[in-house]
Amino acid sequence: MYPPARKDFVSLTVPEQDRGSYNNSKQWRRQSCWRKWKQLSRLQRSLILFLLVLLLVCAIATYPTLLEHWGGPFGEASKKEWQKDDDSPLKNVLPGAPPGAGQQDGPLPDKQNAPILPEPPPVQKKAVNRRGPPSLQNYSRKKKENVSDSQVDEKQDPVVRNRDQVEGEKPVISWRGAMIEAEQATEPQPSAKEKERADGKEHVELARPVNAGNQGPGGTTGRLEAVREAFRHAWKGYKEFAWGHDELKPISKSYGEWFGLGLTLIDALDTMWILGLKEEFEEAKTWIATELSFDKNVDVNLFESTIRIMGGLLSTYHLTGDGMFLEKAKDLGSRLMPAFNTASKIPFSDVNIGKGTAHAPRWTSDSTVAEVTSIQLEFRELSRLTQDQHYQKVVNEVMKLVHKLDGKQDGLVPMFINTNSGQFTHLGVFTLGARADSYYEYLLKQWIQGGKKETELLEDYVQAVEGVKKNLLRKSSPRSLTFVGELSHGHFSPKMDHLVCFLPGTLALGAHNGLPKEHMELAKQLMETCYQMYAQMETGLSPEIVHFNMPPHEGQDVDVKPADRHNLLRPETVESLFYLYRFTQDKKYQNWGWEIFKNFNKYTRVPSGGFTSINNVRDPQYPNPRDKMESFFLGETLKYFYLLFSDDPNLISLDKYVFNTEAHPLPIWPSAA
């Protein structure tokens with residue numbers, strides 16, 4: 001009998017109803033994972049859930065940053081939208097470059113011989129909120145991360161970055177939401193193409209000047225054209241976003257009102273005439289003739305409206321001979337006269353030019369000494385032109401009263417004067433900065449304006465200069481810079497406002513008109529100090545206020561407190577550089593001014609038009625724009641730059657004209673006057 005055959009396998013029969021128990025399907029795997037999850041302890045499950053939530057939060061937080069790298073709506077797209085508006089002649093400097101890197105010394109040649117600065121081609125821009133472009137939506141996030149677009153760009157591949165430049169895209173530096181133009185690189189630019197016209201605007205590529213003399217980089221013609229271009233750029237922003245209003249807000253592309261009288265437009269009138277910008281001048285003239293009215297129920301500051309508006313109108317009348325400007329000045333002057341209706345003869349600070357009423361500030365009955373003693377040049381000239389002596393009489397009364405007042409110290413005056421009593425207040429505090437500065441300036445300039453006949457004015461000025469030398473002049477450490485501090489009840493403070501930088505120019509003007517040579521030497525020393533207030537800052541721009549180091553030490557002479565680090569585009573240093581160059585012909589003053597001008601272009605220029613004040617001159621990566629272009633940037637700063645770079649001594653001759661404190665030239669009276 002044979003044994004049963006041997007089998008090489010085992011047979012297993014699975015019932016039909018159990019086939020779904022395991023089939024390697026996704027459903028079975030999900031059930032298996034859930035079973036394993038349930039087998040974990042509560043602590044293990046909580047830890048895993050916490051890690052997953054943490055990863056999710058991190059992913060959400062970094063999502064916009066990744067979009068910036070990948071050209072998302074918060075990144076390159078918003079940059080390109082701004083770059084479409086960028087008509088800067090100073091481009092292609094890589095973000096993060098040190099101040100002055102890659103700058104082109106010498107902009108465009110004259111319009112008739114070579115292409116002028118390009119206007120942007122017409123583009124259909126997306127509607128944006130008036131408060132700024134889409135990139136401003138990232139303001140708070142960028143501020144927290146402390147990362148700028150320039151830092152992101154630097155991390156990109158160099159080949160890609162160079163390709164973008166070849167294609168004409170301009171690198172842009174972002175300052176906490178504000179897009180500001182970069183500078184022009186030093187590489188040679190392509191030859192200029194034929195002029196194209198689109199919507200009445202010329203679009204021409206930049207052509208770098210080739211001559212090495214006055215026509216070349218940094219030469220006279222190049223620098224003059226640079227100032228013209230800067231003015232056109234500022235005017236472009238004002239015309240597009242603030243036309244007829246007081247001040248441009250270039251970042252938000254809007255405007256601010258002070259008096260509602262077109263302050264920037266009037267302040268810039270004689271600047272346009274001096275720079276030869278006749279087309280822009282005619283636009284402004286038409287607005288003044290048809291739109292400007294002083295019949296408004298509005299309070300204006302007596303001092304500011306006199307030096308900016310009346311001074312601008314009178315100056316433009318003398319330069320052009322157009323009687324319309326004189327009529328406007330006369331209308332304003334008559335409306336300001338109620339300010340002088342006080343028992344003390346010291347004028348109120350505020351006037352309602354529509355109602356014909358005046359009053360002191362609501363918080364005090366005092367006026368500042370600078371304000372009541374720095375309106376004389378304008379009112380005196382208005383009297384000479386209209387033959388109405390009442391204007392000159394009221395401002396001369398102020399000077400006679402101040403001349404006799406007690407409370408001075410070696411010719412130095414306190415900062416405040418009471419409109420009721422006519423006496424100085426806040427005695428014992430002396431400064432050449434805010435609230436007192438232009439008193440000293442107008443002592444000298446009235447004497448020059450009147451043909452050097454009013455000896456009381458000259459005596460007060462010379463005595464004040466000696467008082468400055470005795471009480472306020474000190475040396476800094478380690479470079480022994482001469483500076484002007486402040487005195488408070490016998491205590492000296494090494495604090496110096498940027499406003500004090502008017503003094504070198506005023507001292508030089510006095511020396512030019514026969515005052516002691518020592519005045520010119522002091523002017524040169526103080527000019528060096530004012531320049532160092534720019535040069536020792538990381539942006540190359542001066543703060544509003546500095547404190548000088550006096551005890552022996554190593555390091556910088558200049559210290560700046562956080563609250564004083566703003567720059568308002570002020571003109572005083574450029575003004576003094578102009579006087580020093582005009583009288584000495586020393587080229588270093590022009591070169592210093594050129595450095596300052598390039599830094600204004602680098603750190604304050606806004607691509608859509610205009611220039612902005614900044615909050616921090618010590619941080620070149622985040623200067624923090626303030627979104628305001630003061631009217632004096634066009635009325636004074638750019639005008640003095642142009643006069644500084646000009647080698648023509650007859651361009652507003654200082655033997656024929658005297659500038660008011662807003663840089664509006666008024667004629668020196670004939671000796672027979």
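Shown in residue order for segment 653-659 are the 3J(HN,Hα) couplings computed by the Karplus curve 6.51 cos²θ - 1.76 cosθ + 1.60 at θ = phi - 60°: 4, 6, 9, 10, 10, 10, 8 Hz (x for Gly and Pro). Using only Cα coordinates, the Kirkwood hydrodynamic radius of segment 500-644 works out to 15.7 Å. Remark on Gly411: its backbone amide H falls under 5 Å from none of the residues 5 or more positions apart or on other chains, H modelled at 1.01 Å from N. Sequentially through segment 349-361, phi angles give Karplus couplings (6.51, -1.76, 1.60; θ = phi - 60°) of 7, 10, 9, 8, 6, x, 8, x, 10, 9, 7, 7, x Hz, Gly and Pro residues having no value and appearing as x. Placing +1 on each Lys and Arg Cβ and -1 on each Asp and Glu Cβ, with no other charges, gives segment 519-673 a dipole about its Cα centre of roughly 360 debye.
For segment 446-560, the Cα gyration tensor yields ellipsoid semi-axes of 28, 16, 12 Å (square root of five times each eigenvalue, largest first, whole Å). Our coupling estimate for segment 517-528, obtained by passing each phi through the Karplus curve with A = 6.51, B = -1.76, C = 1.60 and θ = phi - 60°, is 4, 4, 5, 5, 5, 5, 4, 5, 5, 5, 5, 4 Hz, Gly and Pro reported as x. Under a 5 Å amide H cut-off, with hydrogens placed 1.01 Å from N, Ile353 pairs with Val298, Val300 among residues at least 5 apart or on other chains.
Computed from the C-beta positions of Ala61 and Asp559 and an R0 of 35 Å, the FRET efficiency is 0.35 to the nearest 0.05. Maximal additional length on extending the Asp410-Ala434 stretch stands at 6.7 nm, based on 0.36 nm per residue less the C-alpha distance. Per-residue SASA remark: Phe548, around 10 Å² accessible (1.4 Å probe; ligands, DNA and RNA not included). Packing, as the average of other Cβ atoms within 10 Å across residues, places the peptides 526-538, 640-652 in the order 526-538, 640-652, highest first.
Spatial offset of segment 603-673 relative to segment 526-586 amounts to 16 Å, using the alpha carbon center of each. Between Met324 and Val298, take the C-beta separation as r, use R0 = 25 Å, and let me know the FRET efficiency to the nearest 0.05. So, using R0 = 25 Å, E works out to roughly 0.70. Within the shell of other residues whose beta carbon sits under 9 angstrom from the beta carbon of Phe424, the net charge comes to 0, with Lys and Arg scored +1 and Asp and Glu -1. Residue pairs exceeding 20 angstrom between C-alpha atoms, taken from Lys470/Lys524; Lys330/Lys453; Lys249/Lys602: Lys330/Lys453.
If you count, for each residue, the other Cβ atoms within 10 Å and average over each peptide, how do 472-478, 591-597, 609-615 line up from highest to lowest?
609-615, 591-597, 472-478
Quick one: grab the alpha carbon gyration tensor of segment 583-654, order the square roots of its eigenvalues as a ≥ b ≥ c, and give me rounded if a/c is under 1.5, else prolate or oblate depending on whether a/b is larger than b/c. Judged from the Cα gyration tensor, segment 583-654 comes out prolate (a/c at least 1.5, a/b above b/c).
The values are calculated or read from the model by the stated rules, or taken from the named source; none is laboratory data. The shown structure was predicted, so the numbers you read here are calculated from the model rather than taken from an experiment. Positions of Cβ are generated from backbone atoms using ideal geometry, with glycine treated the same way; all protein chains shown enter the neighbour counts. When the accessible area is computed, the model is the full protein with side chains, heavy atoms only, and any ligands, DNA or RNA have been set aside. Shrake-Rupley method; radii C 1.70, N 1.55, O 1.52, S 1.80 Å.
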